[in-house]
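The values are calculated or read from the model by the stated rules, or taken from the named source; none is laboratory data. Source: prediction; values computed, not measured. A quick note on method: Cβ atoms are made from the backbone with ideal geometry, for glycine too, and the neighbour counts reach across all protein chains shown. Areas reflect the complete protein model, heavy atoms only, side chains present, ligands, DNA and RNA absent. Shrake-Rupley method; radii C 1.70, N 1.55, O 1.52, S 1.80 Å.
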Amino acid sequence: QVQLVESGGGLVQAGGSLRLSCVASGIIFTRAVMNWYRQAPGKQRDLVAGITTGSSTNYADSVKGRFTISRDNAKNTVYLQMNGLKPEDTAVYSCNAYVFGRHYWGQGTQVTVSS
């Protein structure tokens, strides 16, 4: 059974920081491309950042220079360090694993940035 469990969301003031974590189980983590998505109320779900099995990274333009994705294969965990948070970063952030042609999703964690 595949499980992706996110943590680290919360309420923070603009300019603050949060670090999200996603622990994966039931997959071969070292073979998985890991991504963070977010969805704000009334909007579509968008890719925020991704990291390949070789630790190459990509970011949405809106978060470049502020967010950093990383992975710890020994802990089956992917992180999203978010600095310089803005109110427009408010959303539910979800972890995604893409492995052997299939996508798996976590339940999401709420991030709220107050102005």
Check your understanding: For the chain, which span is the longest to avoid every loop-located (per DSSP) member of trypsin sites (Lys or Arg not before Pro) having at most 14 other Cβ atoms inside 10 Å?
Key -> 65-115
Check your understanding: Size of the dipole of the chain about the Cα centre, Lys and Arg at +1 and Asp and Glu at -1 on the beta carbon, nothing else charged, in debye to 20?
Key -> 140
Check your understanding: Which net charge results for the neighbourhood of Ala60, defined as the other residues with beta-carbon distances under 15 angstrom from its beta-carbon, given Lys and Arg at +1 and Asp and Glu at -1?
Key -> +2
Point to revise | Interchain or long-range residues, amide H under 5 Å from Gly108's placed H | key: Glu6, Cys95
Study note, to complete from the structure: Along the stretch 34-41, Karplus-curve 3J(HN,Hα) (6.51, -1.76, 1.60; θ = phi - 60°) to the nearest Hz, with x for Gly and Pro, reads 10, 9, 10, 10, 9, 9, 8, x
**Study point:** Cα coordinate range in the stretch 1-51, projected on the principal axes (Å, largest first)
**Key:** 37, 22, 20
Practice item. For the stretch 61-71, take each phi angle, set θ = phi - 60°, evaluate the Karplus expression 6.51 cos²θ - 1.76 cosθ + 1.60, and give the result in whole Hz per residue in order, putting x for glycine and proline. Key: 4, 5, 10, 4, x, 10, 10, 9, 9, 8, 9
Practice item. Kindly report, to the nearest 10 Å², the accessible surface of Phe100 as traced by a 1.4 Å probe over protein heavy atoms only. Key: 140
Point to revise | For the chain, accessible area per residue (1.4 Å probe, heavy atoms of protein chains only), Å² | key: 52
Point to revise | Lys, Arg +1 and Asp, Glu -1 on Cβ, resulting dipole of the stretch 49-115 about Cα centre, debye, nearest 20 | key: 140
**Study point:** Rounded percent of accessible protein surface that carbon and sulfur make up, the chain, 1.4 Å probe
**Key:** 47
Revision key, fill the gap. For the stretch 51-115, the Cα-Cα pair-distance distribution in 10 Å bins from 0, as whole percents, is 17, 50, 29, 4, 0
